[in-house]
Amino acid sequence: MPDKERTKYQLDEKDIPTKWYNIQADLKTPLPPVLHPGTGQPIGPQDLAPLFPMELIKQEVSQERWIEIPEEVRDVFRLWRPTPLYRARRLEKALGTPARIYYKYEGVSPAGSHKPNTAVAQAYYNKKQGVTRLSTETGAGQWGSALAMACAFFGLQCKVYMVKVSYHQKPYRRVLMETWGAQVVPSPSPDTQAGKKILEQDPNSPGSLGIAISEAVEDAATREDTKYSLGSVLNHVLMHQTIVGLETKKQLDKADDEADILVGCIGGGSNFSGFSFPFVADKLTGKKKKLRVIAVEPTACPSLTKGKYAYDFGDTVGLTPLVKMHTLGHTFVPPPVHAGGLRYHGMAALVCKLYDDGMIEAVAVPQVATFQAAIQFARAEGIIPAPESAHAIRVVIDEALRCKKEGKRQAIVFNLSGHGHFDLGAYEAHLAGKLQDYEYPAEKVAEALTHLPKVKG
Ligand SMILES: *Cc1c(COP(=O)(O)O)cnc(C)c1O
């Protein structure tokens, strides 16, 4: 029963999806193989077994279109799912646009973002395999807090390597993790060989996601009781997030509407993919060829728009397998002036492949315009978006204004991946006029790319 006039489209607990959508089943050509960093040969499940439980390794390479969500996982989801889809009527009015703007809001999870969607699933599969401890990295702390909460639900220990600048700039995210029972250390840390090596070269290293990944991977690889957990980038993580897009589809049906444009921000690609892949499925099968799907990144970390599509390491030290992805080089350290998150040097292989295949678009936006969009959104809709999500909002507003100019009544749907309640420092800097734009220089990309690992063929 369509009900067009609403502001919020809610679903019932029974509408929480029972299966994840695996886009690998619908790709015309398969993903390029993941390579062993030593041999350069494609890796097999056994190579990943020290790091991940077998169930997740199977999901990583599965070609099944639908994968059953365990009842124990759905049971935890009931705490905050299904999440609402809003019609941004007040923003539309403020912009004077004929476009219809909708947003799926993932900030209602206890950790404040979409990340618990995969954290809960990962904690569950690890627990089921008898793992007792998980290691991970976190940048701003959103992933670390999601995993800390998930580990609390399933009685697992959790160690988080937190990028050092964030550790000092965002104490409240750390306290959140500690409240949920995790141990948090600033990265680079003296707790690992990788961390020690970086600290020897530069005792004042601000850290980076790539460095923190090296530490968390080493932690898991060197301990029997521990596996590693990653909050984005990997195929299974993106798949876990597809509940976001599957719910959105149902909610748009309720609104009796169809998306013309989908927008999401990209750091490693998980919220964008989870939100858009169930729709991209219709593009891949030719059912909805005209749908535009836009991934938005910061000009300070432009992996898709300026990076090279090449094999690279997932971390800085070079411990991970080689993945073909759009990369700024694994030695990338984000510019300190950048406040908006989305700082990873690479990008999910699936996002890169779809971009390379021309299925999705990518745009890079500068940070001052991004925060301006966030503030315009907050003043119209109330919700203070995570700076990451604000990148998507910038493009949504630009598209809505284009619709106004062209007199087009398009439906623009975006993923509001989280709230910004722990990012008020960045808002404060913006309001005080202290943020500046930064375009990552082409020369720096070119230099970093000279360090790409050599791969045959
Ligand atoms: C982590 C995070 C992102 C970026 O990660 P993706 O894997 O690209 O989604 C975006 N928004 C929020 C709120 C986040 O916490």
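The values are calculated or read from the model by the stated rules, or taken from the named source; none is laboratory data. Note that the structure is a prediction, hence the values are computed from the model and not measured. Because the Cβ atoms are built from the backbone with ideal geometry, glycine has one as well, and the counts that use them run over all protein chains shown. Protein only, heavy atoms only, side chains kept; ligands, DNA and RNA dropped before computing areas. Shrake-Rupley method; radii C 1.70, N 1.55, O 1.52, S 1.80 Å.
Which one is farthest from K19 (Cα to Cα), of the residues in region 243-272 that are in a loop (DSSP other than H, G, I, E, B) and more than 16 Å from the ligand (Cβ to nearest atom)? Please lay out each step first, then the result.
Taking region 243-272 as the starting set, the residues that turn out to be in a loop (DSSP other than H, G, I, E, B) are 255-260, 266-269.
From the residues that got through so far, the ones that are more than 16 Å from the ligand (Cβ to nearest atom) too are 255-260.
Numbers: A255: 23, D256: 23, D257: 23, E258: 22, A259: 22, D260: 25 Å.
Top of the filtered list is D260.
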Between a first residue in region 406-428 that is in contact (Cβ under 8 Å) with a residue 12 or more places away in the chain and more than 17 Å from A373 (Cα to Cα) and a second residue that is assigned to a helix (DSSP H, G or I) and open to solvent by 40 Å² or more (accessible area, probe 1.4 Å), which pairs have beta carbons less than 6 Å apart while being 6 or more apart in sequence or on different chains? F422/Y172
Taking A392, is it under 17 Å from A99 (Cα atoms) and within 12 Å of the ligand (Cβ to nearest atom)? yes
I'd like to know if region 227-237 contains one or more residues that are out of contact with any Phe, Trp or Tyr (no Cβ under 9 Å at 6 or more places or on another chain), closer than 26 Å to G264 by Cα and surrounded by 23 or more Cβ atoms within 10 Å (Cβ to Cβ). yes
Restricting attention to region 425-437, does a residue exist that is open to solvent by 10 Å² or more (accessible area, probe 1.4 Å) and of a type in the set (S, T, Y)? yes
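Answer yes or no: is there a residue in region 273-282 that is among the aromatic types (F, W, Y) and in a strand (DSSP E or B). Full working, then the answer.
The first filter runs over region 273-282 and keeps only residues among the aromatic types (F, W, Y), leaving 275, 277, 279.
Next, only the ones that are in a strand (DSSP E or B) stay: none.
Within region 273-282 (the criterion being among the aromatic types (F, W, Y) and in a strand (DSSP E or B)), the answer is no, since none of the residues qualifies.
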Given the structure, is K127 open to solvent by 20 Å² or more (accessible area, probe 1.4 Å), away from the ligand (no atom under 12 Å from the Cβ), at pLDDT 95 or above and more than 30 Å from A255 (Cα to Cα)? yes
Between T138, T132, T118, which is open to solvent by 30 Å² or more (accessible area, probe 1.4 Å), closer than 26 Å to G210 by Cα and polar (S, T, N, Q)? T132
Is it fair to say L230 is among the hydrophobic types (A, V, I, L, M, F, W, C) and farther than 23 Å from L156 by Cβ? no
Residue tally, condition without any contact (Cβ under 8 Å) to a residue 60 or more places away in the chain and of a type in the set (A, V, I, L, M), over region 391-401: 1
State which residue is nearest to L350 (Cα to Cα) when the search covers only region 8-28 and only residues that are touching a residue at least 12 places away in the same chain (Cβ under 8 Å) and open to solvent by 70 Å² or more (accessible area, probe 1.4 Å). K28
Can you tell me which of (1) surrounded by fewer than 24 Cβ atoms within 10 Å (Cβ to Cβ); (2) in contact with a Gly (Cβ under 7 Å, 6 or more places away or on another chain) is the one T242 doesn't meet? (1)
Collect the residues in region 288-303 that are touching a residue at least 60 places away in the same chain (Cβ under 8 Å) and more than 23 Å from L328 (Cα to Cα), keeping them in residue-number order. R292
Count - residues of region 342-371 that are surrounded by 21 or more Cβ atoms within 10 Å (Cβ to Cβ) and away from the ligand (no atom under 16 Å from the Cβ): 0
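Among the candidates A339, A378, A374, which residue alone is within 16 Å of the ligand (Cβ to nearest atom) and free of Cβ contacts under 8 Å to residues at least 24 places away in the same chain? I'd like the intermediate steps shown before the answer.
Values: A339 fails: free of Cβ contacts under 8 Å to residues at least 24 places away in the same chain; A374 fails: free of Cβ contacts under 8 Å to residues at least 24 places away in the same chain.
Going through A339, A378, A374 in turn, just one is within 16 Å of the ligand (Cβ to nearest atom) and free of Cβ contacts under 8 Å to residues at least 24 places away in the same chain: A378.
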